[in-house]
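Read through the structure below, which is laid out as C-alpha cells, and then see the notes.
The values are calculated or read from the model by the stated rules, or taken from the named source; none is laboratory data. Note that this is a predicted model, so its numbers are computed, not measured. Using ideal geometry, Cβ is built from the backbone for each residue, glycine included, and neighbour counts are taken over all protein chains shown.
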Amino acid sequence: MIKLHDIRKNYRVDNVSVDVLKGIDLEVEQGDFVCILGTSGCGKSTLLNILGLLDEPSSGNYYLNGYNIAEKTNKEKAFIRRTECGFVFQNYNLITDLTVMDNIAVPLGYDGMKKKEREIRAMSLLSKLGMEDLAKKHPNHLSGGEQQRVAILRAISNNPKFLLADEPTGNLDNENTIVVLDLLKELNLEGMTIVMVTHDLEVAKYASRIIRIEDGIIANI
Amino acid sequence: MKCGYSFYRAFSRIRSNILISILIVAQVTIGISAFIYSSNLLFSMKEETEYRENQVRDLLLEITVDDSQTRSTIPITLGDLYEIQNLSNDTAFIYIDIPQFIPYDDTFYEFHLVAIDYSALDLNNSQAYWEPEISVPQEVLNSVIPKGISLKVMPKTLETNVINNGEKEVAFSECIIIPIEYMEDYIAEISSAGIHVEWSADLLPNKELTIRKIESYLSNTHNGGFRYRIISPEVELDSFRFKTDRSIKTIESGSILFICMYCIGQLSAFQVMFERRKRSYGICLAAGAEKSQLGFEISIEIIVINSVGLLLGSVLGIVATTKLDLGIMPGDILTRICPQSFLLELVLVFATILITIISVCNRLGSNHVLSMIRD
Ligand SMILES: Nc1ncnc2c1ncn2[C@@H]1O[C@H](COP(=O)(O)OP(=O)(O)OP(=O)(O)O)[C@@H](O)[C@H]1O
Ligand SMILES: [Mg+2]
C-alpha cells in the first residue's frame, strides 16, 4: 500500500546542502506494524513527514495505493490526510481552544460531517477507551497519557487506512507508554497499518517489523 | 468546499477570543461612528449650501419678535403687504402659511391653507385653488376657505411652485391657495413665522435702497414691536462658512485618523492573532484541512467582527447625528442623516476587510505546515 522508491531529502542551510535522506526504498503492506529506529537526527521524522504528506521529498517517488503522490494537488493531498492517514505527534499537538471532543472531530469537520454525527463518532471513540467523561474538557486539563490517547483518537477518527506515529511515547512515563503502545497494538490487530518512529528498542518490540535508518539510508530490514 | 465546519470553527474562535474580539469591535465602532457623524455634518452642510444657492427667491424678510411685544398686534397688515409690493415694484412673492388641522368624520385632515398675493401669479381673485390629489373632503375645504369664494383645480403651471414652512419646502399641490385679500379673516391663526415675503435678488430694482426702504417702512409703522430684516440665506451661510468648515474639517480629519487607526490596528491585531494561532492552524492542516478552508474560516471571523462593528458604529453615528449638537452648524441648520456617509463607510469597511483578509491569508499561504506546527 505504501511504496517508497529512492526517496531523497536535502536541506539548504547557509547555502550548504545537507543530505538527510539519501535514497530510501521501503514498502509497507496492509496490516503491517512497522517501527523506524535510528539515532537522533538521522532523519526519522523527516521520513515520516514525507509518508504523512506533511513534507515533500527532494527527489524519488512515493506511491500510495498505486498512485504517485507527486502528481496529486494540494487539495487532493489534504483529502488523503484527512481520510486515509492519521498522524500522531510526540507532543500530542492538540488544539487547546477546543474540547477533547472537538479535537477528535477536527478531521471529520473538515471532511464535511455534520455536528451531531461528529459528536456521536467522537463519543463512541472515547467510550471505547472509557474516557467519555473527558469529552467536554480542554486538553490542558488532561495528563500526558490521556492527551496522547486523545491525539490517537483524532488520528483514527476518520477511519484512515494507516497511522503514522512520531515517537508517540517520547514524552510519557513507563506506565502511560504501555497504555499507548497497547492501544496502537490493538488498532493494528483490528487491521490498521501502523508506521511508528522511535529510538527506544523496548518500544520497537511492539512492532512486527523494525527498520533501522543509518546515515540517511535503511540499514537492514 | 465544505463550509459548515468553517463557520463553526470561526465562531468558536471568536468565542474563545471574546475579549480581543470585543476590543476590535469597539475600535471599529468608534472609528465608524466618528466617521458617520463627521460625514453627515459635511454632507448636510453641502446640501444646505446647494439648496440655498439654488433657491429662486434668495432674499427673505425675517420677522423677529421683541420681548416687549404684546400678543394682540400682528407683525404685518394687509396694507403693509401692499406697500411692500409697491416698494419692490411688484417683484415680491408674498404668502401666509396658515396650517390647518381639522377633525371631520373621525379623521384629522392636515394641510396648508396659503394666502397668496395673486398679482404676481396671474390668478383670479374670486377663486381658491386646490389639487384634488390632496384627498381632503370637499366639506372640509369649504369650511376653511373664505365665504363667497369658489374652489377651482389649480392650473398645472402653479403646481411646481413651493412655499417654505421654515424647515422644508411644501409643494403648492399640497396646499389650498386663497387670495391674500382675505388674510384678515384669519388673523387669529396667523403667526409671525407664517408670514413670508420673498424676492429674487436679480429682479429687485435698486436692491440696496429698496431693501432699506422696506425695512424702515416696517419699523416705523410697527413701533418697534417687531424687528424686520431682509436677509439672503446664501450670503448668511457664507459668512459662517469659514468657522464651520474649519470645525467640520477638524472632526473629519479626526475621524479619518480613527479609521486609519482602525485599519492598521485591525491589521496588526489579526496578524498577531495569526501568529498566536499558527500552531492550531498547522495542526488543522496536518489533520486534513485545506488551506482554502482555513482561509475561509479566517475571512468569516474578520467579516463577522467588522460587520458587528459596522452595525454598532452606524447606530452610534446616527444617534450622534441626531442627538449630539457640538454647536458646529450655523443657525438652525439640521444635521441630516446622509446616505452618502453610509456608502462611504461601507467602502471603507469593505476595503479594510479585504486588506485584512488578504494579508492574513497571504501569511497562511506562505507558511509551511511543519514550520507552523513547530512554532
Ligand atoms: N527544516 C529544516 N531545515 C534544515 N535542516 C533540517 C530541517 N528539518 C530537519 N533538519 C535536519 O535534518 C536532520 C534530520 O532531522 P529529523 O527531525 O528527521 O531527525 P530525527 O531522526 O527525527 O531526530 P530525533 O530523534 O531527534 O527526532 C537533522 O539533522 C535536522 O537538523
Ligand atoms: Mg524526530
Practice prompt. Just one of (1) in a strand (DSSP E or B); (2) surrounded by fewer than 15 Cβ atoms within 10 Å (Cβ to Cβ) trips up B:ILE176, so point out which.
Written response: (2)
Practice prompt. May I ask you to verify whether B:GLU297 is closer than 21 Å to B:GLY31 by Cβ and within 14 Å of another protein chain (Cβ to nearest Cβ)?
Written response: no
Discussion item. For A:GLY86, only one of the following conditions fails: (1) in contact with a helix residue (DSSP H, G or I) (Cβ under 8 Å, 6 or more places away or on another chain); (2) touching a residue at least 60 places away in the same chain (Cβ under 8 Å); (3) at the interface with another protein chain (Cβ under 10 Å from one of its Cβ atoms); (4) more than 21 Å from A:ASN158 (Cβ to Cβ). What is its number?
Written reply: (4)
Practice prompt. Select from the range B:193-211 the residues that are surrounded by fewer than 15 Cβ atoms within 10 Å (Cβ to Cβ) and assigned to a helix (DSSP H, G or I) and write down the one among them that is modelled with the highest pLDDT.
Written response: B:LEU209
Response to the item:
Within the range A:84-99, of all residues that are surrounded by fewer than 20 Cβ atoms within 10 Å (Cβ to Cβ) and of a type outside the set (Val, Ile, Thr), the one nearest to ligand 1 (Cβ to nearest atom) is A:GLN90
Worksheet item: Looking at (1) modelled with pLDDT under 90; (2) more than 21 Å from B:GLU236 (Cβ to Cβ), which is the one condition that is false for B:LEU23?
Response: (1)
Worksheet item: Within the range B:129-173, how many residues are assigned to a helix (DSSP H, G or I) and among the hydrophobic types (A, V, I, L, M, F, W, C)?
Response: 6
Discussion item. Please pick out the residue among A:GLY144, A:GLY170 that is small (Gly, Ala, Ser), touching a strand residue (DSSP E or B) at 6+ places or on another chain (Cβ under 9 Å) and surrounded by fewer than 23 Cβ atoms within 10 Å (Cβ to Cβ).
Written reply: A:GLY170
Practice prompt. State yes or no: is B:ASP375 surrounded by fewer than 16 Cβ atoms within 10 Å (Cβ to Cβ), acidic (Asp, Glu) and within 14 Å of another protein chain (Cβ to nearest Cβ)?
Written response: yes
Fill in: Condition met for A:PHE79 (free of Cβ contacts under 8 Å to residues at least 60 places away in the same chain and facing chain B (nearest Cβ under 10 Å))
yes
Worksheet item: Which ranges mark the helices (runs of 4 or more DSSP H) fully within the range B:1-107 that have 1 or more residues being in the same structural domain as B:THR244 (by TED's automatic domain parsing) and in contact with a Cys (Cβ under 9 Å, 6 or more places away or on another chain)?
Response: B:4-16, B:18-54
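Any residue at all in the range B:205-214 that is on the phi > 0 side of the Ramachandran plot and without any contact (Cβ under 8 Å) to a residue 60 or more places away in the chain?
Within the range B:205-214, one or more residues are on the phi > 0 side of the Ramachandran plot and without any contact (Cβ under 8 Å) to a residue 60 or more places away in the chain.
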Practice prompt. State yes or no: is A:TYR63 free of Cβ contacts under 8 Å to residues at least 24 places away in the same chain, more than 13 Å from chain B (Cβ to nearest Cβ) and under 20 Å from A:PHE162 (Cα atoms)?
Written response: no
Response to the item:
Selection from the range B:1-57 of residues among the aliphatic types (A, V, I, L, M), within 14 Å of chain A (Cβ to nearest Cβ) and free of Cβ contacts under 8 Å to residues at least 24 places away in the same chain yields B:ILE18, B:LEU19
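The rows are residues; the columns are (1) among the basic types (Lys, Arg); (2) within 16 Å of ligand 1 (Cβ to nearest atom).
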position: A:GLN30; (1), (2): no, no
position: A:ILE36; (1), (2): no, yes
position: A:LYS44; (1), (2): yes, yes
position: A:ALA78; (1), (2): no, no
position: A:ASP111; (1), (2): no, no
Discussion item. Can you tell me which condition A:ILE69 does not meet? The list is (1) away from ligand 1 (no atom under 16 Å from the Cβ); (2) within 10 Å of chain B (Cβ to nearest Cβ), and all the others hold.
Written reply: (2)
Worksheet item: Listed residues A:LEU153, A:LEU164; which is buried (at least 18 other Cβ atoms within 10 Å of the Cβ), away from ligand 1 (no atom under 16 Å from the Cβ) and either under 18 Å from A:THR46 (Cα atoms) or of a type outside the set (D, E, K, R) (or both)?
Response: A:LEU153
Fill in: Matching residues, the range B:320-332, being part of a helix (DSSP H, G or I) and in contact (Cβ under 8 Å) with a residue 60 or more places away in the chain
B:ALA320, B:THR321
Discussion item. Condition first: more than 10 Å from every other protein chain (Cβ to nearest Cβ) and free of Cβ contacts under 8 Å to residues at least 24 places away in the same chain. Now tell me which residues in the range A:94-123 satisfy that.
Written reply: A:LYS116, A:GLU117, A:GLU119, A:ILE120, A:MET123
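Among the residues of the range A:115-122, is there at least one that is under 19 Å from the mean Cα position of the chain (by Cα) and within 16 Å of A:VAL180 (Cβ to Cβ)?
To start, the set of residues in the range A:115-122 that are under 19 Å from the mean Cα position of the chain (by Cα) comprises A:122.
Now narrow it down to the ones that are within 16 Å of A:VAL180 (Cβ to Cβ): none.
No, because not a single residue in the range A:115-122 is under 19 Å from the mean Cα position of the chain (by Cα) and within 16 Å of A:VAL180 (Cβ to Cβ).
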Worksheet item: Mind checking which residues of the range A:47-60 are more than 7 Å from chain B (Cβ to nearest Cβ) and within 15 Å of B:CYS284 (Cα to Cα)?
Response: A:GLY52, A:LEU53
Worksheet item: So which residues in the range B:223-264 are outside any helix (DSSP H, G or I) and aromatic (Phe, Trp, Tyr)?
Response: B:PHE226, B:TYR228
Worksheet item: Does A:LYS9 satisfy the condition of being within 16 Å of ligand 2 (Cβ to nearest atom) and charged (D, E, K, R)?
Response: yes
Worksheet, complete the sentence: Within the range A:39-52, residues being in contact (Cβ under 8 Å) with a residue 60 or more places away in the chain, near ligand 2 (Cβ under 9 Å from one of its atoms) and small (Gly, Ala, Ser) number 3
Worksheet item: Does A:ARG81 fit the bill of being among the basic types (Lys, Arg), more than 16 Å from ligand 2 (Cβ to nearest atom) and within 17 Å of A:ILE194 (Cβ to Cβ)?
Response: yes
Worksheet item: With B:SER341, B:SER359 as the choices, which residue is away from chain A (no Cβ under 14 Å), buried (at least 21 other Cβ atoms within 10 Å of the Cβ) and not basic (Lys, Arg)?
Response: B:SER341
